[in-house]
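Here is the structure we will look at.
The values are calculated or read from the model by the stated rules, or taken from the named source; none is laboratory data. Small disclaimer: the values here were computed from a predicted structure and weren't measured. Don't worry about glycine lacking a Cβ; one is built from the backbone with ideal geometry, like all the others, and counts go over all protein chains shown.
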Amino acid sequence: MHHHSIGQEKNEYIPDGTQGEQLEVLDSAKLPAKWRDKRWRLFPGRYSTFKFGGGFLYEFAGYSQDETGKRQMDSIGSALEPQFAVRDFRITASGQLKTKRIISWKLGLMYDGPSRSWFVRETGIMIDVPELWGKFFIGRTKEGFSMNKVMVGYAGWTMERQMAIDVIPILADGLKWLGFLPKQRIFWNLGMYGDWLSKTQSFSTFHRQVAVRAGWLPVYSASDGKVLHVGVNYRYGEPVNNEMRLSSRPEANPAPKFIDTEKFASNYSNHFGGEAYFNSGPWMIGSEMYMHRFNSSAANDPVFVGGDVVVSYMITGETRPYHTTTGILGFVPVKRPAFKGGPGAWEVLIRASTLDLNGGNLQGGKFWRITPMVNWYLSKDVRFELAYGYGVLDRFNLNGTTHFFQSRIQFTLL
């Protein structure tokens, strides 16, 4: 795949990536020859190019707990059962209008396994505004808080995003401005959102919110993939009906929610965070840390903190690409696919993560987990994941241990 880099020609074939879902923006006049045999999902169109794709995740999760962990599950009211399950299935479409100014569009629909229901995912219009050093997106999108949250879920190095950003809804409806200054190597996105279209959606826990993410690349070399990315995040939100409930699964989607504040009154919240990633050749080292403060006289203004640290190594030597337009890491390129006689791409990593939902007079619990993991990218479209997790839950005045055994097969056509 070709990726955004500084000085790249605007209209060449590029993955958009700007909203995290990484749908390609296509200019049929400059379509590379190697894509001409994929017309079955790519159409030049009269007024707009059109491309459809999708993704499918199927996974297994098994568990082993000590006696204290089992007692905690009794208190939660849910048992841990080994399970094979559909994680999600999605259909995507995207294109570029044949206008003088670059205007692209995208549409996403997702079937969510746990809730057995369909959702409208990232859907909207992107307008290039070089006069303001970037683009505007109008529609349903990622808020723009945290690299790990903005990234395509399918491109993440682990099976689930870290717990500390579960406090932030996955999507929002509104307007987002994305910008990048190549000389200064500064990126930003600023979003303003409301819930007038999403009141019935489960992700819509805030009535209105503003999110800003900005950062700098002290080191950036497109040629050898060396990047040092440093970013800060701030968000202001007003909960729906002035009440909030925060909870998180233990980075295993079929599992119940291990930590949970239950409902509490709150009329606004402030969220702060920092992120740093160093990507050099086959190595990637990163960390994100977050603090969520809720204004609540009833709950004594609780503050919740969490974060993660990850170290990844590509055994087969691939470099994870970086998109300057959005300040995110992208899909792993597979040099020698398994379906063409190669080894595919192999990645080993370890991540430590935590979220503390004890704050104010709320006792939602605290959970931390260490996850060593192997990813086998058979091709750019097929990936197999194998993970072990060691987690400790501090809740109900008990400390219980859980061992997680997880695997996932992932198919993408993006």
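Taking every residue in the range 222-239 that is within 16 Å of THR325 (Cα to Cα) and pairing it with any residue that is acidic (Asp, Glu), at least 6 positions away or on another chain, the pairs with Cβ-Cβ distances below 6 Å are GLY231/GLU275. Identify, by number, the condition in (1) assigned to a loop (DSSP other than H, G, I, E, B); (2) within 11 Å of the chain's Cα centre (by Cα) that ASN148 doesn't meet. For ASN148, the failing item is (1).
Among the residues of the range 299-326, which ones are among the aromatic types (Phe, Trp, Tyr) and either crowded, with 23+ Cβ neighbours inside 10 Å or modelled with pLDDT under 95 (or both)? Outline the logic, then answer.
First, the residues of the range 299-326 that are among the aromatic types (Phe, Trp, Tyr): 304, 313, 322.
Passing the criteria: PHE304, TYR322.
Within the range 104-116, identify whether any single residue is of a type in the set (Lys, Arg) and over 24 Å from ASP308 (Cβ atoms), and answer yes or no. Within the range 104-116 (the criterion being of a type in the set (Lys, Arg) and over 24 Å from ASP308 (Cβ atoms)), the answer is yes, since at least one residue qualifies. With respect to the conditions (1) crowded, with 18+ Cβ neighbours inside 10 Å; (2) more than 10 Å from the chain's Cα centre (by Cα), ARG161 falls short on a single one, namely (2). Against the conditions (1) surrounded by fewer than 16 Cβ atoms within 10 Å (Cβ to Cβ); (2) free of Cβ contacts under 8 Å to residues at least 24 places away in the same chain; (3) polar (S, T, N, Q), GLN83 satisfies every one except (2). When ALA252 is tested against (1) surrounded by 17 or more Cβ atoms within 10 Å (Cβ to Cβ); (2) closer than 19 Å to LYS142 by Cα, exactly one condition is not met: (2).
Given the condition over 30 Å from ARG71 (Cα atoms), part of a helix (DSSP H, G or I) and not small (Gly, Ala, Ser), answer yes or no: does some residue in the range 326-338 qualify? No; the residues of the range 326-338 include none that is over 30 Å from ARG71 (Cα atoms), part of a helix (DSSP H, G or I) and not small (Gly, Ala, Ser).
Against the conditions (1) in contact with a Phe, Trp or Tyr (Cβ under 9 Å, 6 or more places away or on another chain); (2) buried (at least 20 other Cβ atoms within 10 Å of the Cβ); (3) more than 17 Å from SER204 (Cα to Cα); (4) among the β-branched types (Val, Ile, Thr), THR141 satisfies every one except (3).
Within the range 112-123, the set of residues being part of a strand (DSSP E or B), free of Cβ contacts under 8 Å to residues at least 60 places away in the same chain and either surrounded by 16 or more Cβ atoms within 10 Å (Cβ to Cβ) or of a type in the set (D, E, K, R) (or both) comprises ASP112, VAL120, THR123. Here PRO44 fulfils each of the conditions (1) under 30 Å from TYR388 (Cα atoms); (2) in contact with a Phe, Trp or Tyr (Cβ under 9 Å, 6 or more places away or on another chain); (3) modelled with pLDDT of 80 or more apart from (1).
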